Structure formats: C-alpha cells, structure tokens
C-alpha cells in the first residue's frame, strides 16, 4: 500500500497509528472507532456504478459494512455483496482508504474504510437488501455524482473516475 498511487499516505498512516494504539478494530469488539469496507461496483464499458439510497445514513452508496471477527477486508467485501446484493464476488481490488468521524452515533464514532473496486462486465439485475436501502440500481457516473453522497465516498468515487480517464 505504501507504493500504491491511489492510497493517500497520510490516511494510511492514520490507519497504522489507529492499529498501533488499539489492536481491537471491530464494532463487535465494542470499539466505537472501527474498520469497515465500501464497495464500488462498476461496469467500465457502460460507465455505470451500482448504488443505493442507504437507510441508516440517508446517503447514496454501494454495498459495504463493518468487518466481522475473523474477516480480512476482502472477506467483508465478499460477504457484504452477497448479503446486500445477492451477488457472488470472487475478487476485488483495494482502491482507497478513508477515515471519517461520525458524530451522529455514540457506538459508531469513527470509520476506517477500505474501499474496494469490483469490476463487472454485465449489468445484472441486482436485488438490494430492502433492510439496507430504500432503493438501488445502476447509475451513470454523472447521475451517481448528483446524488447525496458522504464527502469521503464522493472523493473516492471521483478518484476512481479520474483513474479510468
């Protein structure tokens, strides 16, 4: 990750400092500052991304969630895609790291997010979990950027789109 041009080195240092200060990093371990994954599910040919209007955050985003005991970030990507989209994912590429404070919840104060890009060659009809999303679907890149996005999600999406140009 140190030589990856997509990974901001200051954010990487924030992750490493957090891990060195407290080896517990899961919400299930009772820590309010924990590690999560976000998934940018894209079809480059059609220039579309799969996103949904997330119920808890009231923002548009892809699949993702908190890491669970025994999982590495890629395991979480695979599990969350299956749970939230009924999509089997075998591979994904780490694309970005983000860190943000969530002041709206006491048991979830900071997220250390691993953003993974999942490239898909088709535009399958995905059934997004209605417990997670009000609505979801394939959006053009332009339409995705018009949605209400968390600032760090928007930044990761813009970075992804710039890398594809």
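Taken together, the values in this text are just the output of simple stated rules run on the coordinates, not laboratory data. All values derive from a computational prediction rather than experimental measurement. No Cβ is skipped: glycine too gets one built from the backbone with ideal geometry, and neighbour counts run over all protein chains shown.
So what's the range 25-111 giving for Cα Rg divided by 2.2 N^0.38 Å, two decimals?
Compared with the compact-globule rule of thumb, the range 25-111 sits at 1.12.
Under the 0.36 nm per residue contour assumption, what length would be gained going from the current alpha-carbon distance of residue 90 and residue 140 to full extension?
15.6 nm
With the Cα gyration tensor of the chain in hand, give its eigenvalues times 5 under a square root as the equivalent ellipsoid semi-axes, listed largest first in whole angstrom.
24, 18, 15
Listing 98, 14, 122 from the residue with the fewest other Cβ atoms within 10 Å to the one with the most, what is the order?
By the 10 Å Cβ count, ascending, the order reads 122, 14, 98.
Largest first and in whole Å, what are the equivalent-ellipsoid semi-axes of the range 36-83 based on the Cα gyration tensor, each being the root of 5 times an eigenvalue?
21, 15, 7
Just want the ordering: 81, 36, from fewest to most Cβ atoms lying within 10 Å of their own Cβ.
36, 81
Using 1/(1 + (r/R0)^6) with R0 = 30 angstrom and r between the beta carbons of residue 14 and residue 55, what's the FRET efficiency to the nearest 0.05?
0.60
If I model a spin label at residue 125 and residue 158 as a point 7 Å from the Cα along the Cα→Cβ vector, what separation in nanometres do I get?
3.6
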